[in-house]
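Since the structure comes first, as structure tokens, the remarks are kept for the end.
Coordinate-derived values only; no laboratory data. Quick caveat, the model's predicted, so the values are computed rather than measured. We place every Cβ from the backbone using ideal geometry, glycine too, and count neighbours over all the protein chains shown.
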Amino acid sequence: MARIGAASPPVGTKDALARARQRAFLVPDLLIEARRVVNTVISGWHGRRKRGIGENFWQFRPYVEGESLSRIDWRRSARDDHIYVRDREWEAAHTVWLWADPSPSMLYQSRTASVSKESRALVLVLALAELLSRGGERIAWPGLTDPFTARNGAERLAAHLTHAGALPHRPDLAAVRRFSDVVIASDFLDPVEETKEWLDTLARRGARAHLIEIADPAEESFPYSGRTEFTDPETGEKLTAGRAEQLGADYRLLYSARREELAAWCKRLGWSYTVNHTDRLASEALVQVHMAMSAESGYASGVRA
Amino acid sequence: MSWLPLSFGFPAILWGLLALPVIWWLLRLTPPKPETEVFPPLKILARVLRREETPRQSPWWLTLLRLLMAALVVMALAEPVFNPREKLPAAGSGLALVVDNGWAASPDWERHVATAERLIDDAAASGQRVLLAFTAEKPNADIGPFDAKAARDKLRATKPRPIPTDRPSVYARVAAALDTMPGASIAVLADGLAAQGDDAAFGTLFSKGPASVIWAMPDRIATAGLTKAENQLDGFALTAVRPSSDATPRQVTAGAFDDKGRRIADAAITFGAGAAVGTGLMKVPFELRNDFAAIRIDGENHAGAVRVLDESSKRRRVGLISQAESDQAQPLLAPLYYIRRALSPFADLVEPQSRDIADAIPQLLEQKPAMIVMADIGNIPEPAHQKLVEWVNNGGLLVRFAGSRLAAAGNDDDLLPVRLRTGERSLGGAMSWTEPQPVTEFPKTGPFSDLAPPSEVTVSRQVLAEPTADLGERTWANLADGTPLVTGARREKGTVVLFHTAPEATWSNLPISGTFVEMLRRLVQMSRNQGSLAASAEGQVASLAPYRMIAADGTLVPPPADARPLTVGRGPVPVTIENPPGLYGSEDGVVAHNLLGADATLAPLARPRIAAPVTEMRYALNETHDLKGPLVAAALALMLLDTLAVFWLGGMFAGRGRRDAAARGAGAAVVLLAAGALFFASAPHARADDSKPGDDQAIEAVSKTRLAYVITGDASVDAISRAGLDGLSRFLVDKTALEPGKPAGVDIARDELAFYPLIYWPIDPKAAMPSQEAIARIDAYMQQGGTVLFDTRDQYAGGIDANSASPATQRLRDILANLNVPPLEPVPSDHVLTKSFYILPEFPGRFNGSPLWVEASLEAANPEHRPVRTGDGVTPIMITANDFAGAWAVDANGDPMFPTVPSDPMQRLYAYRVGVNIVMYMLTGNYKSDQVHVPALLERLGQ
């Protein structure tokens, strides 16, 4: 019986540097892939959806005494007896922190999946970087770069990643400020409590997080049967199941319970939680995250607990 | 291993069992290899998996299974044998096995076979050839010596026979065969019953100085046999015998069965202490007794315990007398015609030789009939009358019919039930007002009380009884006007019955009604046979086909192939393989042929004095079982289970989701199939080999049509015959569609003749006269449809004198004197032989002039009817003097060997045509004769 899944590059758990180099090789390709994905998503970055300083038309409203005359839209006012003012949409540069989980467990790719989880995470992150850069937002990789604005943000981020070397397992979220968006692509396979613990910082700072769970279909459906020895790619721990098929039901229960708990927690905080399977298209997740970021959501909500 | 009947061929191999702990250790250390999978969410899985311990070793039951498998293989290699038996001493150059398979061996036959098989096995193990003879087989049965396989086949093919053993002749054959195997050991598997000639038989058998003798006797011999079953007045008297060695008082139960095998009566047969003969009486009503078909002793499954009953125990002899001239031209008017027709299905009819009443009645009474029917007999001469009265008083049933003679005769108080008025009464007719009278209800007192009165019967003439006070109670049937039709009266033990009308259809139509038959049947049932009739040499000789045979186990079965018709009337026929016990005849009437005669005794067989060392043996079933095969099979089955278990552990069946159940079902089916295959593989296939010696020649003889000639013993004559038939065969191939095979020379004394349509017999006066048996064979061949062409080859050898006979002719006469030769005639001009292929006016061979003699056809007397000859008969004999073979004979080049006389090529051609015509006549019969009808048939069809 052929194996159901394998770690795509056979790497030693300790050899983070080698893996970083491997990732560096991947980055240009992933950048191209990210561009392709971005092109399939609705192009353009929507504004803040409120009146303010910007370039795009937002609305006509009746002139109010005391306003600057220069703001009157004469072309519109000439049509009837009222005087209108042309409002513009507020467009302000915004900081979005992007982070993809570099841990060894992300290297997993099963037979039914088209790409490994890490590659999918990087594609998504770079695609978002591209998307945000085009929209003029400031992007950053926690612990790797400071927020920057550039038309070629994705390339710059990729360059940073290429030269980064070993990356820490947890992002350094100290630099994240209020009103920032944080995009975290990971498999979130750690116990929920641990995950909540390190994400709690963001909640306290009032940042809005978008969690993208990259899931392999084999992890979710557990297609194993018979006598099977399971190996953890992170710790190297081994488990032998006498009859794996008997574990399936319980496992799936626990697996989905973890996901639901995280999703519920995110919802309570006003965050978004998106699941992307590696056998599906990356653009699906991209659209969802994009929508979630575009949606007006309470930055002020902060920590309610 | 005294506590377990188990022995091992190679006990040393059992030390291999010591390796089992090592195997155990190895098995425990090597668990089945798991699939390895990388699985990131291991922490989640670990929470699930915590409940199940991770097996690092194979499960204990799998280990046990494998250990068991190893142990079984070791045990199987040690060749264990369950219930081992001791081998019998193998001495001498061979083994002569003499097995009794008569009726007494039948109950224990399986043990006999098992014992014989063991002996054969032992003989085979020491490489001896086996002489196997059965004492109740055909006298020409093959006795070997065989190799072990053939002997075993023959042993299994042989069944016990329901006939007595014939030890003297079989032992003599074995003794003769032992000449080729000096110093062989002899095994006698006896059935325990002594028979006539045993001493001489054993003397012959052991005369060759056997190396050793194995003597096997059954523990128990057939305990009871029925010797007599007699229908008496008050019941069936049964007589049974038991072996004289059995002295305790005993009672056995016998049951009577009807012809459908239903048990309809029981009786106990009691043997007194020390008595070898026991008797019993089966008291059942007379009607029931007539249904008895067989009587069987319960619990005895051999042919001796069964006695079939034929009609003689219930069928009555009925004497018929009439005074009328028997005119064969008018049988329907003969007085006895209807009586005979009515009685013959259920009674034996006896008719006197003499026409004279005074002689006829004593002749009849000698036959001791149960009933005498006298049709219209008036006065009976005195001595005969006296005898008849005595016979009636002793229990005879006299039935008289009226007629003109009786009506004219005076009264006879002794032999008529009522006083008669002289003369007869006529009812109806042109000059009378009276009507013919019908029959009314039968009176309740008479024997016909249960018959329905026939509505269609009318009586137009009758004799009248004098009215007396007791006429009513003597009347058994009445006419509508109250006059008696049948009267009857007791005369001491006997009865006299009078039908007041004639036995033919002139006085009434009673004789042609079904009621007449029923009435006569009632009367016959009333009668009793007056003693048994001794078989007499001048009695009727009949050959009765086998109908129902008693099998060796006492059941009634259809006749086997080797049963021959039973010839009755020539005294007692012994029970032989050709006449096994049973019923002979057809379902209309049978004759019982029983195994044990009335004076039979069952004597146990005593072991004779034998010079050689004797090993006594008992019969026992073969209880030795070689356990190697079952053990290996069990190991294989365990291996299969192990494979299935490994698949199961490896998740081969599960995890397929919905195919799970199907896979399990398939697994079960595989196990079942394997088990079934093992079972059937172990079941031995024994097929009886029914080939016989001489089959090859027979198949060769019948696979092509072949002409045959009689081997006279004179080489030159035989060579000419062969060359002649060869030449004729060539001519047939050239001219006709028939392609005969090579001519066959037959020895009429030995060879089977039935294969050849035509046998050419050149008469050679110098050759020895054929034996009576050979001539009898030729006779049978001719009776069964073969044809013999006699050729005296002496057309010009005879003298001038018409009465002088050449030596060949004289020899032919000698031969024909012993044959049933039909009337002969020279081939008439319209005979089929003249036109069966060629139109031939004469039948020349090397010589010309001798007529060809054939069987005279039916219309030889009136020549004008000749063209339309009837009859299917092909003449069984042809006689010529023209030396056909000489004319036909050709050498290897196909040139004629002998000149014709006179030398004329056309004559040779005619001779060949004669041969073609003869062969065509042989093969097609009178088909050509029918051809003469074709024009007439076509004309009738309107063409």
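With θ taken as phi - 60° and the Karplus curve 6.51 cos²θ - 1.76 cosθ + 1.60 applied, the whole-hertz 3J(HN,Hα) list for region B:629-642 is x, x, 5, 4, 4, 5, 4, 5, 4, 5, 5, 4, 4, 4 Hz, x standing for glycine and proline. The spacing between region B:156-232 and region A:245-276, judged by their C-alpha centroids, is 96 Å. Peptides B:835-848, A:140-153 ranked from most to least packed give B:835-848, A:140-153, packing being the mean of other C-beta atoms within 10 angstrom over each peptide's residues.
Peptide A:217-228 has a mean shielding of 5, counted as Cβ atoms of other protein chains within 10 Å of each residue's Cβ. Which of the pairs B:Lys138/B:Lys228; B:Lys704/B:Lys766; B:Lys742/B:Lys766; B:Lys138/B:Lys704; B:Lys368/B:Lys493 have their Cα atoms more than 23 Å apart in this structure? Distance filter (> 23 Å) returns B:Lys138/B:Lys228; B:Lys704/B:Lys766; B:Lys742/B:Lys766; B:Lys138/B:Lys704.
Along its first, second and third principal axes, ordered by size, region A:108-158 spans 39, 22, 12 Å in Cα coordinates. Shielding of peptide A:253-260 by partners, expressed as the average count of other chain Cβ atoms within 10 Å per residue Cβ, is 2. Put simply, the amide H of A:Phe230, placed in the peptide plane, has neighbours under 5 Å in A:Leu239, A:Thr240, A:Ala241, B:Glu37, leaving out anything fewer than 5 places away on its chain.
Taking amide H as placed 1.01 Å from N in the peptide plane, B:Leu193 has its amide H under 5 Å from the amide H of B:Leu605, each at least 5 places away in sequence or on another chain.
Expressed as a rounded percentage, what relative contact order does region B:230-269 have, with Cα pairs under 8 Å and six or more residues apart? Can you show the working numbers first?
On the way: 32 pairs, mean separation 12.8, N = 40.
Across region B:230-269, relative contact order equals 32 percent.
Ranking request for peptides B:608-617, B:511-520: highest mean number of other beta-carbon atoms within 10 Å first, then the rest in descending order.
Numbers: B:608-617: 13.7, B:511-520: 19.4.
Ranking the peptides B:608-617, B:511-520 by packing returns B:511-520, B:608-617.
For region B:123-133, backbone phi angles converted through the Karplus equation (6.51, -1.76, 1.60; θ = phi - 60°) give residue-by-residue couplings of 5, 5, 5, 9, x, 8, 7, 10, 9, 10, 10 Hz, Gly and Pro being listed as x.
Computed over neighbours whose Cβ is under 13 Å from that of B:Gln783, the net charge equals -1, Lys and Arg +1, Asp and Glu -1. Take B:110-121, B:245-256, A:114-125 and order them by the average number of nearby Cβ atoms within 10 Å per residue, most first; the result is A:114-125, B:110-121, B:245-256. Per residue of B:845-855, other chain Cβ atoms within 10 Å of the residue Cβ number 0 on average.
In percent, rounded to a whole number, the relative contact order of region B:695-932 is 23, using alpha-carbon pairs under 8 Å and six or more apart. Only Lys, Arg, Asp and Glu carry charge here, each on its Cβ (+1 for the first two, -1 for the last two); on that basis region B:695-932 has a dipole of about 360 debye about its Cα centre.
Fewest to most neighbouring Cβ within 10 Å: what's the order for B:Met69, B:Met371? Kindly include the intermediate steps, with their values, before the conclusion.
Values: B:Met69 19, B:Met371 28.
Fewest-to-most Cβ neighbours within 10 Å comes out as B:Met69, B:Met371.
A convex hull fitted to the Cα coordinates of region B:695-932 yields 132 cubic angstrom per residue. Each of B:Ile759, B:Ile550, B:Ile321 was scored by other Cβ atoms within 10 Å of its Cβ. Listed from fewest to most, they are B:Ile759, B:Ile321, B:Ile550. Between region B:365-409 and region B:451-500, the C-alpha centres lie 18 angstrom from each other.
Net charge near B:Pro503, counting Lys/Arg +1 and Asp/Glu -1 over other residues with Cβ under 13 Å of its Cβ?
Working: positive: B:Arg340, B:Arg341, B:Arg400, B:Arg405, B:Arg461; negative: B:Asp376, B:Glu504.
So the surrounding residues net to +3.
Which value results for Rg/Rh of region B:69-223 when Rg is the Cα radius of gyration and Rh the Kirkwood radius based on the inverse mean 1/r?
Working: Rg = 16.8 Å, Rh = 16.2 Å.
Ratio of gyration radius to Kirkwood radius for region B:69-223: 1.04.
Residues whose amide H lies under 5 Å from that of A:Gly143, counting only those 5 or more places away or on a different chain, are A:Asp172; hydrogens are built 1.01 Å from N in the peptide plane. 3J(HN,Hα) couplings calculated from phi for region A:258-268 with the Karplus curve 6.51 cos²θ - 1.76 cosθ + 1.60 (θ = phi - 60°) are, in sequence order, 4, 5, 5, 5, 4, 5, 5, 4, 5, 5, 5 Hz; Gly and Pro show x.
Arranged from fewest to most other beta-carbon atoms within 10 Å of their beta carbon, B:Phe236, B:Phe401 become B:Phe236, B:Phe401.
Sorted largest first, the principal axis extents computed over the alpha-carbon atoms of region B:317-527 equal 46, 42, 33 Å.
For region B:160-217, the relative contact order comes to 49 percent (Cα pairs under 8 Å, sequence separation of at least 6). Between region A:197-226 and region B:877-943, the C-alpha centres lie 115 angstrom from each other.
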